[in-house]
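Here the structure comes first, spelled out in structure tokens, and everything after it is commentary.
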Amino acid sequence: VEVFDQREKANGICGKLHYELNNGYGYLLQRPKITVKDSLKISAEKIEYYEEFSKITANFDVVTESPDFMITSDFLLYFNLEQKAFFLGNPKFESDFADAKAVEIHLYFENEELSKAELTEDCLVNFATKQGEKRTNWIKSKEMILNFVDGDITLCEASENVTSLYNQEKSKRKTYLQNKVTAQKMKITFINQEVDEIYLKNNIDGVYKFIK
């Protein structure tokens, strides 16, 4: 079965479709897959659509993909008009530069591109020093915000019970350093998928040396 919604700019395919025209509600079963605004692809065991709220939900074995990232989760709640998506049930985010997981992951979009990710509870982000290298660095915290521009991460802000490990790899002008620290707040800025600056604030414990 093939489906298309011109208003929502969504199309999809499934083995079984049920739609209640009067109620503005429908669901897709049997390996459903949909594409929203030509940029976000969603597959799950069941996908539901609510016309009144311009809302899409996906349940069980949810995989959400875009050109810049992929997320797996048990549940997805996507609001088309507000351009935001909430992931629950062991959500895991992955991109070329970093991967992340938390109890909840919220994504926000601008002009159909990812602009911000909010992570809540038991947050963990693994990241590379620069694109193409191994993700040997990590940050853990209660809350975390990631900002993106043109698919690239530009900022990571972690707050509450922050723990971080950062490995500075050896080069011609750098010695190898393994930095581990705890703090209440941490901020890392990135330029062209490479760590640019690192900030720590409040109750800092440990040594953190970073040489650009």
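Filtering segment 79-108 to residues that are surrounded by fewer than 19 Cβ atoms within 10 Å (Cβ to Cβ) and either of a type in the set (Ser, Thr, Tyr) or assigned to a strand (DSSP E or B) (or both) leaves 79, 84, 86, 88, 92, 94, 99, 104, 106, 108.
This table checks each residue for (1) in contact (Cβ under 8 Å) with a residue 60 or more places away in the chain; (2) closer than 19 Å to residue 182 by Cα; (3) aliphatic (A, V, I, L, M).
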| residue | (1), (2), (3) |
| --- | --- |
| 87 | no, no, no |
| 107 | no, no, yes |
| 110 | no, no, no |
| 115 | no, no, no |
| 134 | no, no, no |
| 140 | no, yes, no |
| 157 | no, yes, no |
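Looking only at segment 21-43, decide whether some residue is farther than 23 Å from residue 108 by Cβ, touching a residue at least 12 places away in the same chain (Cβ under 8 Å) and among the aliphatic types (A, V, I, L, M). Checking segment 21-43: at least one residue is farther than 23 Å from residue 108 by Cβ, touching a residue at least 12 places away in the same chain (Cβ under 8 Å) and among the aliphatic types (A, V, I, L, M). In segment 59-78 there is no residue that is farther than 25 Å from residue 3 by Cα, open to solvent by 60 Å² or more (accessible area, probe 1.4 Å) and over 11 Å from the mean Cα position of the chain (by Cα). Once segment 112-133 is narrowed to residues that are β-branched (Val, Ile, Thr) and in a strand (DSSP E or B), the residue that is least open to solvent (accessible area, probe 1.4 Å) is 125. The number of residues in segment 1-26 that are open to solvent by less than 50 Å² (accessible area, probe 1.4 Å) and either modelled with pLDDT of 85 or more or assigned to a loop (DSSP other than H, G, I, E, B) (or both) comes to 7.
The values are calculated or read from the model by the stated rules, or taken from the named source; none is laboratory data. Source: prediction; values computed, not measured. Don't worry about glycine lacking a Cβ; one is built from the backbone with ideal geometry, like all the others, and counts go over all protein chains shown. Areas reflect the complete protein model, heavy atoms only, side chains present, ligands, DNA and RNA absent. Shrake-Rupley method; radii C 1.70, N 1.55, O 1.52, S 1.80 Å.
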